[in-house]
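The values are calculated or read from the model by the stated rules, or taken from the named source; none is laboratory data. This structure is a prediction, so every number in the text was calculated from the model and none was measured. Positions of Cβ are generated from backbone atoms using ideal geometry, with glycine treated the same way; all protein chains shown enter the neighbour counts. Protein only, heavy atoms only, side chains kept; ligands, DNA and RNA dropped before computing areas. Shrake-Rupley method; radii C 1.70, N 1.55, O 1.52, S 1.80 Å.
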Amino acid sequence: AQRVTQPEKLLSVFKGAPVELKCNYSYSGSPELFWYVQYSRQRLQLLLRHISRESIKGFTADLNKGETSFHLKKPFAQEEDSAMYYCALNRGSTLGRLYFGRGTQLTVWP
Amino acid sequence: EAEVAQSPRYKITEKSQAVAFWCDPISGHATLYWYRQILGQGPELLVQFQDESVVDDSQLPKDRFSAERLKGVDSTLKIQPAELGDSAMYLCASSRRLAGGYDTQYFGPGTRLTVL
């Protein structure tokens with residue numbers, strides 16, 4: 001079975017501080033990992049996926065297969081980063097379904 | 001920019017009543033998903049369509065939930081009868097089907113269901 005764990009329900013940092021949102025997963029195969037973000041009153045949208053290895057809005061995430069983690073990081077948080085962040089897993093199979101964590105609400109204080 | 005459309009945005013109903021939600025995916029997206037998101041949790045898949053065919057409905061409570069995508073475009077999710085525990089956000093998403101898997105899923109705004 002597969003499982004995505006986001007241990008922090010709430011995370012607060014001050015503007016300019018580094019931020020790390022944790023995501024751990026359990027899956028015996030080769031998963032594909034994603035971070036989705038939901039800003040206030042907006043729809044859920046893709047932030048980044050591990051296969052693209054991009055930096056989006058200053059965020060990066062590295063897949064660590066040894067630790068089964070996919071933590072989201074940004075060196076200098078901005079107030080506009082305040083949002084709900086969801087880590088998600090796809091089993092990399094012929095089905096496209098995503099398995100989501102419960103989400104982390106990030107608040108960046110001025 | 002094309003977006004996934006859903007209606008209604010909000011629905012309040014009494015238990016034992018029937019409710020229906022509608023989703024219009026991005027044009028050209030052959031894959032359509034219905035997710036349910038209970039407050040405080042992440043979305044969970046209810047059903048996945050590839051064109052007009054169901055490819056995954058393993059988590060769909062089939063005694064009361066049904067979903068269809070008759071022409072392989074828009075889709076309807078129905079609950080009959082609704083129960084108190086069905087109160088949640090119902091999200092629709094769509095994606096392109098690629099040769100090696102699936103493209104990014106694009107989500108609609110959701111329908112917030114409250115069962116009284």
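Data overview
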| quantity | calculated |
| --- | --- |
| Whichever residue in segment A:28-50 is modelled with pLDDT under 90 and more than 15 Å from B:Gln105 (Cα to Cα) and, among such residues, is most open to solvent (accessible area, probe 1.4 Å) | A:Ser28 |
| Test for B:Asp63: is it on the phi > 0 side of the Ramachandran plot, more than 9 Å from chain A (Cβ to nearest Cβ) and either more than 13 Å from the chain's Cα centre (by Cα) or surrounded by fewer than 21 Cβ atoms within 10 Å (Cβ to Cβ) (or both) | no |
| Top-ranked residue of segment B:90-116 - restricted to ones that are among the hydrophobic types (A, V, I, L, M, F, W, C) and open to solvent by 40 Å² or more (accessible area, probe 1.4 Å), ranked as nearest to the other protein chains (Cβ to nearest Cβ) | B:Leu98 |
| Strands (runs of 3 or more DSSP E) within segment B:1-59 that include 1 or more residues open to solvent by less than 50 Å² (accessible area, probe 1.4 Å) and of a type in the set (A, V, I, L, M, F, W, C) | B:5-7, B:19-24, B:31-37, B:44-50 |
| Which numbered condition A:Arg97 misses (of (1) over 15 Å from the mean Cα position of the chain (by Cα); (2) without any contact (Cβ under 8 Å) to a residue 12 or more places away in the chain; (3) closer than 21 Å to B:Met89 by Cα; (4) open to solvent by 60 Å² or more (accessible area, probe 1.4 Å)) | (4) |
| Which numbered condition A:Ser40 misses (of (1) part of a loop (DSSP other than H, G, I, E, B); (2) on the phi < 0 side of the Ramachandran plot; (3) facing chain B (nearest Cβ under 8 Å)) | (3) |
| Identity of the residue in segment A:54-91, surrounded by 15 or more Cβ atoms within 10 Å (Cβ to Cβ) and either assigned to a loop (DSSP other than H, G, I, E, B) or touching a His at 6+ places or on another chain (Cβ under 6 Å) (or both), that ends up nearest to the other protein chains (Cβ to nearest Cβ) | A:Arg91 |
| Subset of segment A:1-25 [touching a strand residue (DSSP E or B) at 6+ places or on another chain (Cβ under 7 Å) and open to solvent by less than 50 Å² (accessible area, probe 1.4 Å)] | A:Gln2, A:Val4, A:Gln6, A:Glu8, A:Leu11, A:Val13, A:Val19, A:Leu21, A:Cys23, A:Tyr25 |
| Residue that is surrounded by the most Cβ atoms within 10 Å (Cβ to Cβ), among those in segment B:73-89 that are charged (D, E, K, R) and assigned to a loop (DSSP other than H, G, I, E, B) | B:Asp74 |
| Condition broken by B:Arg69, with the remaining ones in (1) surrounded by 21 or more Cβ atoms within 10 Å (Cβ to Cβ); (2) under 24 Å from A:Ala88 (Cα atoms) satisfied | (2) |
| Single residue of A:Gln45, A:Gln6 found to be within 10 Å of chain B (Cβ to nearest Cβ), free of Cβ contacts under 8 Å to residues at least 24 places away in the same chain and not small (Gly, Ala, Ser) | A:Gln45 |
